[in-house]
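Throughout, read-outs are computed from the coordinates displayed, never taken from laboratory work. All of these numbers come straight from a predicted model, not from anything done at the bench. Neighbour counts are summed over all protein chains in view; Cβ atoms, including those assigned to glycine, are modelled from backbone coordinates with ideal geometry.
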Amino acid sequence: MACGRRNRRGGSRIKSAWRRRVKFGVPIELRRNFLPRPCVQHSIELQATELTAMPSKSLFVIALAAFTAVPALADTPATEKANLERFQRYAGAPVENFTMWKMYKWQGLGPETVAVWTGVNDVYMLKVGLPCTRLQDAKAIVVTSKMSHQVNRRFDFVNFGTQQCQILEIRPVDYKAMIKGGEPAKKG
């Protein structure tokens with residue numbers, strides 16, 4: 001029926017397309033990037049496919065180059081030491097626990113210290129127990145929370161790779177003052 005073509009079973013192309021329309025329980029029209037395909041000659045479809053495939057190949061090459069360049073931007077030991085000193089200058093007194101619904105960001109500050117953002121301006125500096133091999137080179141970390149969104153220094157860990165490092169110390173950081181470059185706020 002559609003352009004006079006028929007499928008293998010003898011039914012029209014429209015009927016077979018209708019059967020596929022609700023594959024996986026979601027109508028094709030509701031899926032992302034659905035564009036109805038016009039009924040055109042096969043040779044024209046191949047040319048259009050070749051033209052659209054070209055940009056995706058170049059995007060892949062660009063993405064691959066970007067991912068290989070990322071390790072070149074890693075922190076040097078001198079940068080990590082400067083960042084650790086900066087965070088320690090704005091860190092408050094050690095606390096027993098803190099609330100964390102989601103970890104927005106983290107930053108390695110050395111072989112045994114990480115900074116964890118639980119909100120835009122809520123930062124905590126975590127010191128972990130050794131041996132915690134190559135924490136400063138971790139690509140991703142997980143901070144456990146055994147007590148319903150409460151990270152506790154006695155019960156919780158920083159996990160990365162195949163390692164699990166116990167949290168020894170939690171210190172809140174006055175991040176707003178750190179960003180402004182002013183004096184840390186005195187609490188108490």
> All other residues with a Cβ under 15 Å from the Cβ of residue 142 taken together, and with Lys, Arg as +1 and Asp, Glu as -1, what is their net charge?
Replying inline: +3
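Can you bin region 75-153 into rounded, prolate or oblate? Criterion: square roots of the alpha carbon gyration tensor eigenvalues sorted a ≥ b ≥ c, rounded for a/c under 1.5, prolate for a/b above b/c, oblate for the rest. Intermediate values should be presented prior to the final figure.
Values: a/c = 1.68, a/b = 1.40, b/c = 1.20.
Cα axes put region 75-153 in the prolate bin.
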> In what sequence do 168, 126 fall when counting other Cβ within 10 Å, fewest first?
Replying inline: 168, 126
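When 86, 153 are ordered from fewest to most other Cβ atoms inside 10 Å of their Cβ, what list results? Working shown, then result.
Details: 86 14, 153 18.
In order of increasing Cβ crowding within 10 Å: 86, 153.
To make sure I understand, if each residue's beta carbon is the centre and we count other beta carbons within 10 Å, what order do 144, 99 fall in, fewest to most?
Numbers: 144 15, 99 12.
Ranking 144, 99 by Cβ neighbours within 10 Å, fewest first, gives 99, 144.
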> When the Cα centres of region 114-150 and region 152-173 are compared, how far apart do they sit, in Å?
Replying inline: 6
>> Report the gain in length on full extension from residue 81 to residue 169: 0.36 nm times residue separation, minus Cα-Cα distance, nm rounded to one decimal.
In response: 29.9 nm
>> Modelling each spin label as a point 7 Å along the Cα-to-Cβ direction, I'd like the residue 179/residue 146 distance in nm, to one decimal.
In response: 3.4
